[in-house]
Each structure stands twice: as structure tokens, then as C-alpha cells.
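The structure appears below as C-alpha cells.
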Amino acid sequence: MNSTKQCPDCAEIVLAEARVCKHCGYRFDEKTSPAPAEPISDVPSPPPPPTGQPSQPVAARPPAPGWWVPIGFIALALAVVLGVVALPFWLLAVVPFVVGILLIVRRRTAIGVTMLVLALVLPIPGGILIATVALKKYRVPSGSMEPTLHIGDKVLADRTGISGIHVGEIVIFHPPAGAEQEICGPTPHTIAAGGAACAAPVPQEGTFDFIKRVVAGPGDTVSIVEGHVIRNGAREYDSYIRPCPGVSECNFRTPVKIPSGDWYMLGDNRGESDDSRFWGPVPTSWIVGVTIMRTSPLGRLSFF
């Protein structure tokens, strides 16, 4: 008995060796032949990328520019020093703060954290320390230094440069005791205008601050004519003064010699100044600071 098979297309029974169904034309050889196998390669296929991870590496951040660090520290120093002059200068500390953050982002963590900490903690205490030790602000209380300084002007004085005082500088000092009453020394007395200016102070130091200009130093001889200082026979270069011609208090024509270690102080407003003409020279030890700049008003900010 011959074996048979069923056509999958029309369900008719045909001989097992038939290649084509005689009922519907179905070709057994084409439909049932297995698909050719894929060739096997000895080279392993690359593994698929991990799920959720980029197939390309992320580019590294570029290194921080070399000038960031010095810029940060310069701004920090200015914040500390200029903060003594005016409080708004402390805002310069924002610069090192931002630089510190950028350095940390660029993986320069140590220097970045250092700059952040300094920007946060250094300006105010550093400014206070400088104001206590080196620099101090003073307010001009009178018109004796006009036209150079006016009432209410604020100046910054260097308290460390006293040993290098020069004629022409504006200084802060303690006058002799009794200066407000125009007492000359060493034995207390008053000076008559028109003769010799006071040549020696009383030995006691006053407790209040004066601001005047140094017009003569140790060993100099001084006389005053129409408000102009004649030092060692030569008139001072005094374009900064307000002269006072014809005023008796502006004429002390008899020369006096300044003792060793003392300085002669006059206001630039020669007709309206209570100064060394009336209470004598000032010892170096009584000088508390040398003015270096006017800090207020800002419209007339200037250096001396």
C-alpha cells in the first residue's frame, strides 16, 4: 500500500512522493524546504551597550585657566584693604567666591575650597585688623585745612609710616596739652603776633587729634610772612594754602629753630588755623598717622 500525505493548502490526500498537489497545485518542495543556515563566524559580535548608558564617552571638562587663581586672590586682597576705606569695597569678595566655585567645578578642589573659605571669612575681620594696626579713618572737624580739606571730609591715615615723615605731608597728631587755649611752652605762656612764633611746646601731650601739614622738621629755622613759611631762608612752595595778607596772626617774622625730634605743623588755611605758631612744635612720638588719601566724599576722592 502506497503511503500518502495531506496537502496543507486544500486538505486533499496525495501520494507521499508527490511534489505538486494535483488538486490545487501546491508545491511541497518549495514550501517545506528548510531555510539555509547562517554562516558561523569565529569573530565574536560586540556586546550591546548597557541600557541607559551613552554609547560614546562624555568629554572631560577643560582645565581651569591659570589666571583664575591670581585674579581671585587680588580681588580678595582689594576687598580687605579697600574695605577699610569704604564698606562697599567688601563686595569685591564676590569675585574670589565665584572663582572658588568655578575651580571646584573644574576639579581643582583644594584651591577652590581655600578661596571660598577665605572669601567668606577674611574681608571683615581682615579689614578690622588693618584698621586697628595699620590704617585708620579720621573726620576733618574744622576748616583749618581749607582749601585742601573741608569740614566733614574723611581721610585715611597710615599708622605705620611715622618714622618716615617728610615736610609737606599732612599728619594726624596729638597737640600739646592746652593747645586749644593757644598755650606755648615749655613754661606756659601765650604768643604775641608779629614777633617770634612759639618755639617749644608744653611737655604734656594732649589727648585729642589734630590734622595739619608738616612745614618744618628737626633743626630747621622757621619764620612766617603773610602766611607763607620761610624755612631755612627759602619760602615754601605753597600753592595749596589760603594766604592771609595783612593779618597779624599770619606774621611771625623772627625765626625760631625747631628742636631735634620735633615737627612744625600749620593749617593750610593760614588765617584760620590753631597750630604750631601758637603752641609750638610736636614731638615725633605724638604723631599718630600720616594721611594717604581722602576717602569721602567720593566725588573728591584723592591721594596725598
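The values are calculated or read from the model by the stated rules, or taken from the named source; none is laboratory data. Bear in mind the structure is a predicted one, so any value in this text is a computation, not a measurement. All Cβ positions, glycine included, derive from the backbone under ideal geometry; neighbour counts span all protein chains shown.
I'm checking my understanding of the structure. Among residues of region 220-246 that are touching a Phe, Trp or Tyr at 6+ places or on another chain (Cβ under 9 Å) and of a type outside the set (Gly, Ala, Ser), which one is nearest to Gly164 (Cα to Cα)? First the steps, then the outcome.
If we filter region 220-246 for residues that are touching a Phe, Trp or Tyr at 6+ places or on another chain (Cβ under 9 Å), which is where we start, we get 220, 222-225, 229, 231.
Still in the running and of a type outside the set (Gly, Ala, Ser): 220, 222, 224-225, 229, 231.
Numbers: Asp220: 17, Val222: 21, Ile224: 25, Val225: 28, Val229: 22, Arg231: 20 Å.
Among residues in region 220-246 that are touching a Phe, Trp or Tyr at 6+ places or on another chain (Cβ under 9 Å) and of a type outside the set (Gly, Ala, Ser), the one nearest to Gly164 (Cα to Cα) is Asp220.
Among the residues of region 266-285, not one is surrounded by fewer than 19 Cβ atoms within 10 Å (Cβ to Cβ) and of a type in the set (Phe, Trp, Tyr).
Taking each residue of region 274-291 that is of a type in the set (A, V, I, L, M) and looking for partners that are assigned to a helix (DSSP H, G or I) and surrounded by 24 or more Cβ atoms within 10 Å (Cβ to Cβ) with beta-carbon atoms closer than 9 Å, six or more apart or interchain, yields Val282/Ser276.
Look at region 1-15: where a residue is in a loop (DSSP other than H, G, I, E, B) and a partner is at pLDDT below 80 and among the hydroxyl-bearing types (Ser, Thr, Tyr), sitting 6+ places away or on another chain with Cβ atoms under 9 Å, you get Cys7/Tyr26; Pro8/Tyr26; Pro8/Thr32; Asp9/Tyr26; Cys10/Tyr26. Applying the condition of being at pLDDT below 80 and surrounded by fewer than 13 Cβ atoms within 10 Å (Cβ to Cβ) to region 118-147 and asking which residue is nearest to Pro96 (Cα to Cα) yields Val121.
Out of region 165-178, which residues are part of a strand (DSSP E or B) and under 18 Å from Phe278 (Cβ atoms)?
First, the residues of region 165-178 that are part of a strand (DSSP E or B): 170-173, 176.
Within region 165-178, Val171, Phe173, Pro176 qualify.
Results for (1) modelled with pLDDT of 95 or more; (2) more than 43 Å from the chain's Cα centre (by Cα), shown as yes or no for each residue.
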{"residue": "Ile183", "(1), (2)": "no, yes"}
{"residue": "Gly194", "(1), (2)": "no, yes"}
{"residue": "Ile211", "(1), (2)": "yes, no"}
{"residue": "Val214", "(1), (2)": "yes, no"}
{"residue": "Val225", "(1), (2)": "no, yes"}
{"residue": "Glu236", "(1), (2)": "no, no"}
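Residues that are surrounded by fewer than 12 Cβ atoms within 10 Å (Cβ to Cβ) and in a loop (DSSP other than H, G, I, E, B) within region 179-189 comprise just one, Thr187.
Taking the stated definitions as given, is Pro218 in a loop (DSSP other than H, G, I, E, B), in the same structural domain as Val290 (by TED's automatic domain parsing) and closer than 16 Å to Pro201 by Cα? Judged against the criteria, Pro218 is a match. Within the option set Ala196, Ala234, Ala157, being in the same structural domain as Pro281 (by TED's automatic domain parsing), more than 26 Å from Arg139 (Cα to Cα) and either free of Cβ contacts under 8 Å to residues at least 12 places away in the same chain or crowded, with 21+ Cβ neighbours inside 10 Å (or both) holds for one residue only, Ala234.
This table checks each residue for (1) under 27 Å from the mean Cα position of the chain (by Cα); (2) assigned to a loop (DSSP other than H, G, I, E, B); (3) charged (D, E, K, R); (4) within 17 Å of Gly267 (Cα to Cα).
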residue	(1), (2), (3), (4)
Lys136	yes, no, yes, no
Ser144	no, yes, no, yes
Ser163	yes, no, no, no
Ile191	no, yes, no, no
Thr207	no, yes, no, no
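Selection of region 224-272 for residues being within 25 Å of Thr284 (Cα to Cα), of a type outside the set (Asp, Glu) and in a loop (DSSP other than H, G, I, E, B) yields Gly227, Asn232, Gly233, Tyr237, Tyr240, Ile241, Ile258, Pro259, Ser260, Gly261, Gly267. Candidates are the residues of region 247-283 that are among the small types (Gly, Ala, Ser) and more than 22 Å from Ser163 (Cβ to Cβ); the one that is modelled with the lowest pLDDT is Ser248.
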